[in-house]
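I have placed the structure first, in the form of structure tokens, so that the comments after it can refer back to it.
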Amino acid sequence: MPLNTLEDLRAGKLAGSRRLKLSCGLNEFPREIFDLADTLEILDLSGNALTSLPDDLPRLGKLRILFCSNNPFTELPAVIGQCAALEMLGFKSNRIASVPADALPPRLRWLILTDNQIGELPSELGRCARLQKLMLAGNRLQSLPPEMVNCTRLELLRISANQLSALPEWLLSLPRLSWLAFAGNPFCADAARPANISLIHWDDLQISHPLGEGASGVIHQAEWRAAEGAQLVALKLFKGELTSDGLPLDEMHACMTAGAHPNLIPLLGKLEAHPDDAHGLVMALIDESFRNLAGPPSLDSCTRDVYTGEATFDLKTVVGIALGVASAAEHLHAQGIMHGDLYAHNILHGGDGQALLGDFGAASLVAAEDRATAEALQRIEVRAFACLLEELLERCPVAVDGQKTLKILGDLQADCAQENVGGRPLFAAIVRRLNALVVG
């Protein structure tokens, strides 16, 4: 979204705009924004010095999306709740300690309150029947309102890095919950386990060019001069800052705990002796022919990934990707890890069904002795797999001779997506059913 200027707004040059983004040290809401009331749908006022919004904000009758991240708000403005068309709110990295019940708009689908000081949420959150995405990592929550059991459309929840003493039991039965992150809470401490991993000294690495950057860190290509010879590797240096998913150190620990699997990116070692004490992991360098299966969700798609218009997959490729990802997920849950972000945009695809599941930014460790909870959490992740399989099948043109396989995959997808959480298969059963297709 391009940055606009206050000068252009005041000069009337933005008349008829559907989107407006202002980041220029504002300490009060520019009244000229109301000149766009007939058209404005997306308003981004992030990166300013705002502490309040005007009482007549509902005059922006078409406003669907409001971002006010990186401002010094101490309370979520109650006037927001009067905005009839508002569906998405982003107030990340403010100083918000209070969320009034009146601040929740009736059409709310996506709420971002990451990195604030919130200790309690209103019970009225349970009335948000349309809520699909709720991001609360990095607050001071000690519990969640039990009324949230009524948020039956909730699909993605981030509650990492809070002060929760337990995972609410009702959370495990939400019919559409698919992507859950909860690491960095007191109740997770007992799930931690030491990871046996090699140490790789900073001096043994020759850093080359960056390969990519995510919320938690930057990945560089490097040459590792190991005792058995030099090899090209990928080095991820963690930023150490809270992300929308949680804490980067929790991500790093999950990576180290995961162990080896053909459908996970191989981890070679943990970085030591960085001159600035940065944390890092050294991973195998993946062939450049591998590409992300899809792009992340958009403002409009909310919880679902965005594929290119020309993306299609033949039946063999669909089976290969599904089997690889299900097998990786089965392996992770056997190690006591919930991936938390099982999405196509976190899967690298190399053609012919080759798939590598990556990005452990939302991963959480599960106490192995609590088998009932572990299986309930696994079944939440199974619904995420169902969403992935549905997306692949939607893009799979099938000839007549493939109809039988297509029906089997469709039945599997339906079983994994069912709203009765306890009726969903575990990943071991999913892998068996997919393996039968490969053998057949």
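The values are calculated or read from the model by the stated rules, or taken from the named source; none is laboratory data. Nothing here was measured: the structure is a model prediction, and the numbers come from that model. All Cβ positions, even for glycine, are placed from backbone atoms using ideal geometry, and neighbour counts span all protein chains on display.
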query = For region 158-253, which strands (runs of 3 or more DSSP E) that fit wholly inside it have 3 or more residues that are assigned by TED's automatic domain parsing to the domain that holds residue 113 and under 29 Å from residue 388 (Cβ atoms)?
reply = 179-181
Sole residue being touching a helix residue (DSSP H, G or I) at 6+ places or on another chain (Cβ under 7 Å), crowded, with 16+ Cβ neighbours inside 10 Å and not hydroxyl-bearing (Ser, Thr, Tyr), chosen from 273, 222, 258 = 258
key: Scan of region 351-373 for residues that are surrounded by fewer than 16 Cβ atoms within 10 Å (Cβ to Cβ) and over 21 Å from residue 157 (Cβ atoms), ordered by number   = 351, 352, 368, 369, 371
task = Could you pull out the residue among 107, 31 that is more than 21 Å from residue 302 (Cα to Cα), without any contact (Cβ under 8 Å) to a residue 24 or more places away in the chain and not hydroxyl-bearing (Ser, Thr, Tyr)?
result = 31
query = Is region 66-73 home to any residue that is under 22 Å from residue 50 (Cα atoms), within 24 Å of the chain's Cα centre (by Cα) and of a type in the set (Phe, Trp, Tyr)?
reply = yes
inquiry  = Out of everything in region 118-147 that is part of a helix (DSSP H, G or I) and free of Cβ contacts under 8 Å to residues at least 24 places away in the same chain, what residue ends up being nearest to residue 164 (Cα to Cα)?
reply    = 124
key: Meets criteria (buried (at least 21 other Cβ atoms within 10 Å of the Cβ) and over 20 Å from residue 121 (Cα atoms)) for residue 60   = yes
request  = Please give the number of the condition residue 98 fails out of (1) closer than 21 Å to residue 162 by Cα; (2) surrounded by fewer than 16 Cβ atoms within 10 Å (Cβ to Cβ); (3) over 24 Å from the mean Cα position of the chain (by Cα); (4) small (Gly, Ala, Ser).
outcome  = (2)
inquiry  = It is to be established whether one or more residues within region 114-126 are touching a Lys or Arg at 6+ places or on another chain (Cβ under 7 Å) and hydroxyl-bearing (Ser, Thr, Tyr).
reply    = yes
remark   = Restricted to region 254-294 and to residues being under 24 Å from residue 182 (Cα atoms) and in a strand (DSSP E or B), the residue modelled with the highest pLDDT is 264
Count of region 325-346 residues which are over 19 Å from the mean Cα position of the chain (by Cα), part of a loop (DSSP other than H, G, I, E, B) and among the charged types (D, E, K, R) = 0
query = What number of residues within region 193-205 satisfy the criterion of being surrounded by 13 or more Cβ atoms within 10 Å (Cβ to Cβ) and modelled with pLDDT of 90 or more?
reply = 5
task = Hey, can you tell me all the residues within region 383-440 that are at pLDDT 95 or above, part of a loop (DSSP other than H, G, I, E, B) and more than 24 Å from the chain's Cα centre (by Cα)?
result = none
task = Only residues that are closer than 19 Å to residue 116 by Cα and touching a residue at least 40 places away in the same chain (Cβ under 8 Å): list them for region 45-66, please.
result = 46
task = Go through (1) small (Gly, Ala, Ser); (2) out of contact with any helix residue (DSSP H, G or I) (no Cβ under 6 Å at 6 or more places or on another chain); (3) surrounded by fewer than 16 Cβ atoms within 10 Å (Cβ to Cβ) and name the single condition residue 90 misses.
result = (3)
